[in-house]
Amino acid sequence: MIAQAQAEAPNECCGLLAGAIVTQGQYRIGRVLRHYPLVNAAASPVEYLSEPKSMFAAVRELTKAGLEILAIYHSHPTTPPVPSKTDRERNYSGDVMNLIVSLKEDEPVVKAWWLTEDGAWEAAWEVVDQFLDHEP
C-alpha cells in the first residue's frame, strides 16, 4: 500500500485487501491474504474513484479464491490519515475497514477506520509476520 501510494503521488491511490475472517476466542480476526491495487479513475490528488474494470477484476479473482474484502485503502498525499466527509459518504460498507496512507510527513503514516456517513471511529489493527495455522 505504501509503495503504491508513493508511486502514484501526487494523486491518491486506492486498492483492496482480501482474505478470511477467523475466530480466536471471543475475537473475529481478519487475515489478509491478497492485496489488489486498483486504478484511481479520478486521477486526482484529493479524491479517488475505483476504476470499474480494475475493481471487477479484483472482485472476480478474490471471489474465485474464496476470499472476502477485508479492507479498502487509499492515500492522502498531502493531508493526515483522517477520513474526509467524501470518504465517509462514499463508504463501501460498515463491515469493511478503511485504511488511509498519509504521505504528508517524511515517513508514511497508516491509520485504520470504521466509517459511516455520520462519523468515523479509529479501528484496531496490526501487521504481524505470522498468524494462526488456519488456512481458508
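Just so it is clear, none of the values below were taken in a lab; they were calculated from the coordinates. Just so we're clear, the structure is a prediction, and the values are computed from it rather than from any experiment. Backbone-built Cβ (ideal geometry, glycine too); neighbour counts: all protein chains shown.
Here are some notes:
- The slack in the chain from TYR27 to ALA123, taken as 0.36 nm per residue of separation less the alpha-carbon distance, amounts to 33.2 nm.
- Degrees between helix 52-64 axis and first principal axis of the chain (Cα, 0 to 90, nearest 10): 10
- Alpha-carbon centroid distance for the pair the stretch 63-80 / the stretch 1-38, whole angstrom: 5
- Counting other Cβ atoms within 10 Å as a rough exposure proxy, the listed residues TYR27, TYR48 run TYR27, TYR48 from fewest neighbours to most.
- Using bins of 10 Å that start at zero, the share of Cα-Cα pairs per bin across the chain amounts to 12, 42, 36, 9, 0, in whole %.
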